[in-house]
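Every read-out reported here was derived from the displayed coordinates using simple, explicitly stated rules and does not represent laboratory data. Everything numeric here is computed off the predicted structure, so don't read it as measured data. Every residue, glycine as well, gets a Cβ built from its backbone with ideal geometry; the counts of neighbours run over all protein chains shown.
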Amino acid sequence: MTLRDFLFYEEPGIQLYCGDCREVLPEIEPVDLLVTDPPYNYGKQYGIHDDSMGPEEFEKWITECFRLAVERLKDGGMVYFTCSTQMMRMCESWDFLRFRQWLIWHRPNLVNVHAQSDWKQTWEPIYYGGKGKFRATKGVFPDSAVFTFATPQTNFLEGRDHVCQRPLKLIQSWLARAEGEIVLDPFVGSGTTLLAAKTFGRRAIGIEIEPKYCEIAVKRLRQEVLPFASIEDP
């Protein structure tokens, strides 16, 4: 199959591909930023994707996906992604990414009991790094940076279309600190990264394996997009 066979939707500056990211990623053009929210293997109901793998199988799968994504990242490109606390050690050990520091996404008013743990948390780690010699050109994070944005379960400004949808302004806050023309999200879900890139007038490439989420992403992209500065904190 060719890259065109996976194309689900296209508009000026935006391409959305429906398929397994491991098949699509080797075919796309080089990108400047990798911004994503991957599955955590918590047994969520995503559709086609199996989110209940064994630990070794999941580590092998997620590592392969990220390795392929980073191969498409230009040297000096930046990376942001959320992950579970159980994934932190694994992500730091990846030799194909240069780890900078962990940031924190604080989710106010949320108590969430994960299927694979018996403790409650109101935050998630954010991996901040890059490929090769990278640097943040629009601001430097302190030793501990906290992003406080509401979640779908509390006060989610633009509505909820995905079981693990992230707030639009959370992704926008990452893009505001990073330069680069083309943004890549290999786990695009309901299209939040694509929408965030669009508010900044940047090109974006998204990949999603589940057709129903591709349809939701297209619907969101076709709606009017407000600039970052005009959207109030949820």
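Key figures
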| item | result |
| --- | --- |
| Order by protection proxy (mean Cβ within 10 Å, highest first), peptides 24-30, 183-189, 78-84, 193-199 | 183-189, 193-199, 78-84, 24-30 |
| J(HN,Hα) series, region 56-71, from Karplus relation 6.51 cos²θ - 1.76 cosθ + 1.60, nearest Hz, glycine and proline x | 5, 5, 5, 4, 5, 5, 5, 5, 4, 4, 5, 4, 5, 5, 5, 4 |
| Nearest-0.05 FRET efficiency for Q223 and E181, computed from C-beta distance (R0 25 Å) | 0.60 |
| Approximate spin-label separation E56-L7, in nm, with each point projected 7 Å along Cα-to-Cβ | 4.2 nm |
| Backbone HN-Hα couplings from phi across region 86-101 [Karplus 6.51/-1.76/1.60, Hz, Gly and Pro as x] | 5, 8, 4, 4, 4, 5, 5, 7, 5, 7, 9, 10, 9, 7, 9, 5 |
| 30 Å Cα-Cα threshold exceeded, pairs from K169/K219; K133/K219; K169/K212 | K133/K219 |
